[in-house]
Amino acid sequence: MPIENLDSTQGLVFVGEITSTRNLLASGLRILREGAFFDTTKDPIFTTLSIGVEKYLKLILGTISLDEHQRWPSKAEMMGYGHGIAEMWDRVMDEVHRRTEDKSEYIRGLDAGVDVDPVLRPLLEVLDRYGRSGRFYNLDALGGRPQEDLSPDEMFNAVEQAALADPEVSRARDEAMADLFDQVASDQFDTILRERIASSLDGAWQMLSRVGMNDGFGETGKVLGYELRAADVGDQ
């Protein structure tokens with residue numbers, strides 16, 4: 001079907017980019033939830049989620065440009081955002097706040113819930129760090145030019161600490177610590193911790209999709225919202 005302000009070629013690649021983004025996000029969240037050991041899954045998690053989140057934010061910024069200026073941003077404009085996930089997130093959320101003022105209580109509630117989620121910001125900071133240069137942290141050290149900032153691994157500690165503020169996660173941690181030989185309790189804590197972290201990004205994904213579906217990002221943003229619904233993603 002025709003997509004407003006995009007020619008037929010742009011429309012096809014727009015849908016292709018949505019599909020790529022959806023698969024990256026779904027795969028990254030699945031690995032985060034189900035991976036056996038964080039040490040062996042952290043790089044696939046960081047890689048898929050940093051790319052997926054960056055693509056999603058750039059798709060949203062593109063639909064906002066279509067809504068306001070009737071044109072997709074140029075390659076140079078998109079490259080200007082770099083891999084700055086945290087900055088793009090802030091830009092998108094400023095638009096979300098402004099564009100949902102007249103929306104339903106449900107939509108505004110989703111927005112407010114994402115705003116106060118203590119886990120989301122440190123998680124986005126990790127993905128930002130990994131996407132910008134953190135993925136080369138060890139290679140740069142090998143080359144004699146170690147990076148000054150914390151590694152993504154070290155930054156992920158802040159994500160886990162934020163998740164531990166959740167009462168359910170905290171209780172699971174206490175039960176696991178009560179008997180260090182109780183593997184069942186340890187595994188349960190790991191599962192609950194991972195789910196709390198994954199649900200943070202899942203909630204942001206759902207909110208952005210709903211905002212798009214409800215005309216928050218213009219007519220083309222509706223297509224993005226419907227095509228990128230988290231609930232529609234099957235097994236990746």
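Values quoted throughout were computed directly from the atomic coordinates according to the rules given, and no laboratory measurement underlies them. Values in this document were obtained by computation on a predicted structure and should not be read as measured data. Reconstructed Cβ throughout: ideal geometry from the backbone, glycine too, with neighbour counts over all protein chains shown.
Considering only the other residues whose Cβ falls under 13 Å of the Cβ of residue 174, what net charge follows from Lys and Arg at +1 and Asp and Glu at -1? Net charge around residue 174: -3. Would you work out if the range 18-135 is rounded, prolate or oblate? Take a ≥ b ≥ c from the square roots of the eigenvalues of the alpha-carbon gyration tensor; rounded if a/c is under 1.5, else prolate when a/b is larger than b/c, oblate otherwise. It is oblate, given that a/c is not under 1.5 and a/b is not larger than b/c. Close amide-amide hydrogen proximity is noted between residue 147 and 141, each under 5 Å apart and 5 or more residues distant or on a separate chain (H modeled in the peptide plane; Pro and chain starts excluded). What is the sum of charges, Lys and Arg at +1 and Asp and Glu at -1, for the other residues whose Cβ falls under 11 Å from the Cβ of residue 21? Residues close to residue 21 contribute a combined charge of 0. Summary of packing: across the peptides 218-229, 139-150, the per-residue average of other C-beta atoms within 10 Å ranks them, highest first, as 218-229, 139-150. For the options 214, 157, 23, a Gaussian network treatment of the chain with springs between C-alpha atoms closer than 10 Å singles out 157 as fluctuating the most.
Counting lysine pairs in the range 8-232 whose alpha carbons fall under 30 angstrom apart, excluding pairs fewer than 8 residues apart on the same chain, gives 10. With θ taken as phi - 60° and the Karplus curve 6.51 cos²θ - 1.76 cosθ + 1.60 applied, the whole-hertz 3J(HN,Hα) list for the range 207-220 is 4, 5, 4, 5, 4, x, 4, 9, 6, x, 10, x, 5, 5 Hz, x standing for glycine and proline. With the cut-off at 1.5 for a/c, could you classify the range 64-122 from its C-alpha gyration tensor as rounded, prolate or oblate? It is oblate, given that a/c is not under 1.5 and a/b is not larger than b/c. Give the shape of the range 122-236 as rounded, prolate or oblate, defined through the alpha-carbon gyration tensor: a ≥ b ≥ c are the square roots of its eigenvalues, a/c under 1.5 means rounded, and otherwise the shape is prolate if a/b is larger than b/c and oblate if not. Judged from the Cα gyration tensor, the range 122-236 comes out oblate (a/c at least 1.5, b/c at or above a/b). Between residue 7 and residue 38, the modelled labels are 4.9 nm apart [label points 7 Å from Cα along Cα→Cβ].
Equivalent ellipsoid of the chain: semi-axes from √(5λ) of the C-alpha gyration tensor, largest first, are 33, 22, 16 Å.
Within the shell of other residues whose beta carbon sits under 14 angstrom from the beta carbon of residue 105, the net charge comes to 0, with Lys and Arg scored +1 and Asp and Glu -1.
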